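Notes follow the structure.
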Amino acid sequence: MRSVEEHQRIVAGLITARPAGTAELVDAERLVLADDIQATVSLPVFDNSAMDGYAVRADDVAAASTENPVKLPVAEDIPAGRTDIPTLEPGTAHRIMTGAPIPAGATAVVPVEATDGGTDVVTITAGSPQGRHIRHAGEDVAAGTTVLRAGQVVTPAVVGLAAALGRHELPVIPRQRVLVVSTGSELVSPGTPLRPGQIYESNSVMLAAAVRDAGADVVATAAVSDDVAEFAAVLDRYTADADLIITSGGVSAGAYEVVKDAFGRDGDQGVEFVKVAMQPGMPQGIGRVAGTPIVTLPGNPVSALVSFEVFIRPALRTAMGLPDAHRPRRSAVLTEQLTSPRGRRQFRRGVFDADAGTVTSWGPPASHHLRWFASANCLLDIPEDVQEIPVGSELQIWDLRPATMQSA
């Protein structure tokens, strides 16, 4: 059987980055910058007031105090957005708002709290030294400075900076576009009454959610019966718009395996079917359909989702340039004794207690026990040459918790 590491390398080699493009700021968040960004303007663009108050010449108010206030005529009103800014004459003040341009001649701003707020004549009870409460042009960003780097994830702050610099779009690595197809004649959509022998279809919505959680886009989801023509029709309809196709089901050794039947059980139509030395998720397939990469996963829900975590999620994130392509690996002390099948690398659902540094397996290891996966927060990674793990052993886990809940 193929090793997990070998199949990971093959999947990673098949899923490659899309050519860099541009995205409007509203669409760029959580994408990765494809190029460095240089500032074409300075920030602030011009000297402006950091306070609501009065623009003055610092020397005119240097002696102002509560006991000896200074009175100055208010010659102008300067709200934010005013473009015709007159020069401040000695012995006068301009009432000014936060963000408004500093008039020529002014060397400080007196906050309104240190005045009586006068509109014709202002009484100032505290001086402002030269430069106080003035935000100078370029003190945040000087024009020509590289402010963002290729490989940086676009965050809300990055979007804000780009907009402040006058950009409406950014060069980015586009999201991968993924088609998700679930197969099986026994599957019916949730909300439909079940007939004998039928089950509700869950893999397509589950894998689509995993694709989006990995940072990619879902082109479409579909559930098809064990009919080769129906399966082929779905691929014909969506493949041209997809960078990757993920299927679940139809890859085992039974008589009605639609994915194998569609591509030839001997892999003679561009898709290779293999056994990977892992549990769950042994039957796998990989190849291309009309040039588009396809990864075929087993149909049991836990097998499908574990396979996505092991093979597809890191490859997708790497192709999009996203950080943390792999789930964090941590060491934890096992609270129980476990057994594992020799020759298979086992991925068991678990509950990790970060405070205690311990891990407990969660639910049976069989691949249909989805309930336990839904409340697990890690995968126990048991090496393929290990059959028994005593209580108290140190074991590697894959941390599935959201990043906001993880601790180093």
Taking K and R as +1 and D and E as -1, what net charge do the other residues with C-beta under 9 Å from the C-beta of S340 add up to? +2
Per residue of the stretch 361-370, what does 6.51 cos²θ - 1.76 cosθ + 1.60 with θ = phi - 60° give for ³J(HN,Hα)? Whole Hz please, x for Gly and Pro, Karplus curve as stated. 5, 10, x, x, x, 4, 7, 9, 8, 6
Which order do peptides 90-97, 339-346 fall in by mean Cβ count within 10 Å, highest first? 90-97, 339-346
Give me, ordered by chain and number, the residues 5 or more places off G363 or on other chains with an amide H under 5 Å from its own placed amide H. none
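May I ask you to derive the relative contact order of the chain, considering only C-alpha pairs under 8 Å and at least 6 residues apart, and to give it as an integer percent? Don't jump to the answer; show the numbers that get you there.
On the way: 939 pairs, mean separation 64.9, N = 408.
Computed value for the chain: 16 percent relative contact order.
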I'd like to check one number: the per residue accessible area of the chain, probe 1.4 Å, reported in Å² as a whole number. 47
Using only Cα atoms and rounding to the nearest 10 degrees, what angle (0 to 90) does helix 203-213 make with the longest principal axis of the chain? 30
Output ³J(HN,Hα) for the stretch 139-148: one whole-Hz value per residue in order, computed from phi by the Karplus curve 6.51 cos²θ - 1.76 cosθ + 1.60 with θ = phi - 60°, and x for Gly and Pro. 6, 8, 9, 8, 3, x, 6, 7, 9, 9
Between the helical axis of 228-238 and the dominant principal axis of the chain, each derived from Cα atoms, what acute angle in degrees is found, rounded to the nearest 10? 20
Which of the peptides 191-197, 257-263, 217-223 is most tightly packed, and how do the rest follow, judged by the mean count of other Cβ atoms within 10 Å per residue? 257-263, 217-223, 191-197
Accessible surface of the chain [probe 1.4 Å, protein heavy atoms]: carbon and sulfur percent: 50
What does the charge add up to near T92, with Lys and Arg as +1, Asp and Glu as -1, over the other residues with Cβ less than 12 Å from its Cβ? -1
For the chain, what does the helix formula give at 222 nm: sum of -39500 (n - 2.57) over DSSP H segments with n ≥ 4, over the residue count, nearest 500 deg cm²/dmol? -5000 deg cm²/dmol
Hey, how many Å between the Cα centroid of the stretch 188-213 and the Cα centroid of the stretch 57-75? 75
Computed ³J(HN,Hα) along the stretch 327-343: with the Karplus parameters 6.51/-1.76/1.60, θ = phi - 60°, integer Hz and x for glycine or proline, the list is 4, x, 9, 9, 9, 9, 8, 6, 8, 8, 8, 10, 10, 9, x, 5, x
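The values are calculated or read from the model by the stated rules, or taken from the named source; none is laboratory data. The structure presented is a predicted model; accordingly, all values stated were derived computationally and were not measured. When we count neighbours, we look across all protein chains shown, and the Cβ atoms used for this are built from the backbone with ideal geometry, even at glycine. All accessible areas refer to the heavy atoms of the entire protein, side chains included, with ligands and DNA or RNA removed. Shrake-Rupley method; radii C 1.70, N 1.55, O 1.52, S 1.80 Å.
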